[in-house]
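Please read the structure below before turning to the comments.
Here, each number is a calculation from the coordinates, and none is a lab measurement. Just so it is clear, the model here is predicted, and its values are computed rather than measured. Note that we place each Cβ from the backbone using ideal geometry, even for glycine, and neighbour counts take in every protein chain shown.
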């Protein structure tokens with residue numbers, strides 16, 4: 001049994017290809033950033049094991065595009081000051097889109113038991129016990 005908690009199985013050759021493709025994607029601002037981010041983190045997740053389990057990166061392009069567009073706009077409007085909020089927010093975004101491959105969807109929360117019915121106008125009141 002493997003005692004490692006985290007294991008990365010990517011190779012230098014694969015990473016070289018990822019860097020070339022990601023760099024080419026980033027030629028187109030915002031669209032390319034979103035494509036590059038999804039491509040790079042999908043590759044990273046595909047080659048990572050946590051406690052022997054495979055993980056996946058599940059963000060969609062449009063989700064990532066919207067995230068990048070809003071945050072890059074904020075960085076530009078604030079003349080770069082927002083970058084101190086953007087970077088931690090980006091890492092949080094990435095972490096929230098990584099899950100175990102064989103993990104089933106979260107089960108829906110159990111429903112609360114039905115509340116006992118209260119007497120209504122259609123029900124006659126109970127006679128007092130004497």
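For the stretch 46-87, the equivalent ellipsoid derived from the Cα gyration tensor has semi-axes of 30, 14, 5 Å, listed largest first. Just so you know, the Cα atoms of the stretch 15-54 work out to an Rg and Dmax of 11.8, 37 Å.
Per-residue Cβ neighbour counts within 10 Å put 25, 90 in the sequence 90, 25, beginning with the fewest. Considering only alpha-carbon pairs that sit under 8 angstrom and 6 or more positions apart, the relative contact order computed for the stretch 6-100 is 28 percent. Taken over the stretch 6-100, the alpha-carbon convex hull comes to 96 cubic angstrom per residue.
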